[in-house]
Amino acid sequence: MTAAGPAEHHTDHDHPHGRSQRLDRFSLRARIGILAAGVAAGVVVLVSTAVFLIVRQSIFETLDDNLLQRATAAAQSELADPEQLATTSPEALGAGDIRIALFYSSGLAQSAEARASSPPLSQTELEVAQGVRPYSVRTAGDYEVVAVAAGPGRALVMAQKLESTQQVLAKLAIALPVIGGIGIVLAAALGVAVARAGLRPVQRLTTAAERVASTGDLRPIRVSGSDELARLTVSFNEMLGALASSQEQQRRLVADAGHELRTPLTSLRTNLELLAAAARPGAPVLPEEDRREIVDDVRGQVEELTQLVGDLVELARDDPQMVMIEPVEFTDVVDRALERARRRATTDVTFDVHLMPWTLIGDSTALERAVLNLLDNGVKWSAPGGTVRVSMVPVDDWTVVLEVADSGPGIADEDLPRVFDRFYRADTSRTMPGSGLGLAIVRQVAVRHGGAVWAARAPEGGALLSLRLPGRRPA
């Protein structure tokens, strides 16, 4: 085993993911402020550099133009000879920062006080004196030097000190970063302020989510505006409403289930206590007929509990809208449900059946249970010797309605909208067997298949329960 070399050592500072993790420690407002400050810093650096370079170039160009104009004017002036001008002290001319010389093509130079006032000279100025160039402009140390032709074989050289110009540029080099720094601070502050104002709806959403998590309070939050955050708030409120509705349904389901389970459980416990008491030594002998009646009652209550628990499990499933890929022959489903309904019927009831071929995509087991519940309801409410009409009526090429009409007393008008609710029983049905969940299961299956259910009065006088389903006629 060998130790890792220096090239293999990495730290969070070298890894972008580490930097992003450190940035995630800040709040969103702080991150927006940091981002605004970073962008402002980049812009300030670029703008400051560009401004400094442009101003520097402009100052030097202006200085060169002025110096070149002065030199040209002096060389061409009729009032002063260049030789006399070159030998005159700059202080006497009122230009202490100017150095003047007359440079000959032979390489000799003439200036006032020799070296003290002589400008920097080079081959460039010599070329002007020799006539190779019409003029020259260059920077030599702390001087800006220009040379112009001043007659045959000579050039007038004029140099100006750059001390004042450099002082201006130095001040500019200090002022630009200071002003830029102030701009960066202001950009960060404005970024935080804008983020605070823009993220106020997000803060409300966060507060609402924390409130829901800690208290379970599902009150909607206030919506203001019509932007993306407002639409997000509307969606969040819709989610809260759906969650509140789901919680309310669960509470109602638990309360109704507890109410429905209490009666059979109480009766079952009473009957079992009677059987246990009769089996104790010295207890009065329970007549065989009474014992058989109690046992039959217990068996019926167990079956009722079994059906009730099964219906509760079916309705308590919180499955989403299912994706159905199984082709179903609905006529076969109805036929199988009819066979089961005939076997389960406790009274002599006749089924008047009118079916038609129909195919749909769905769950055949769930559809069969829904149809069976409709048939059982028709059998339960039909008098002995009555008729239950089962008809498939096409609405159009893509929709069919299964009608189940019984010959019973019918459903009261005030009960028609609620017969498919969970645990709902009309006053006339409270003494009848059943859990009050069968028709609720029918509606659940219909909704999952993209259909609907409703109740009405049948022409025969009884109840008419209708199940609408999508599909098509077989080809």
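Please treat every number below as a calculation from the coordinates, not as lab data. Note that the structure is a prediction, hence the values are computed from the model and not measured. With ideal geometry, Cβ positions are generated from the backbone for all residues, glycine too; neighbour counts draw on all protein chains shown.
Remarks
- At R0 = 22 Å, FRET efficiency that the Cβ-Cβ distance of Glu303 and Thr350 yields, to 0.05: 0.30
- Charged neighbours of Lys161, selected by a Cβ distance under 13 Å, balance to -3 (K, R count +1; D, E count -1).
- Here the gap between Arg418 and Gln123, fully extended at 0.36 nm per residue and compared with their Cα-Cα distance, gives a gain of 95.2 nm.
- Charge tally in the Cβ shell below 13 Å around Gly107, where Lys, Arg are +1 and Asp, Glu are -1, Gly107 excluded: -1
- With the highest mean first, a sort of the peptides 68-74, 151-157 on other beta-carbon atoms found within 10 angstrom per residue produces 151-157, 68-74.
- The local environment of Leu375, defined by Cβ-Cβ distances under 13 Å, has a net charge of +1 under the rule Lys, Arg +1 and Asp, Glu -1.
- The separation of region 119-182 from region 448-469, counted between C-alpha centres, amounts to 103 Å.
- Protection proxy ranking for 460-467, 264-271, 35-42, 275-282, using the average of other Cβ atoms within 10 Å per residue and placing the highest first: 460-467, 35-42, 264-271, 275-282.
- Using C-alpha pairs under 8 Å with a sequence gap of at least 6, the mean separation divided by the residue count of region 434-475 gives a relative contact order of 32 percent.
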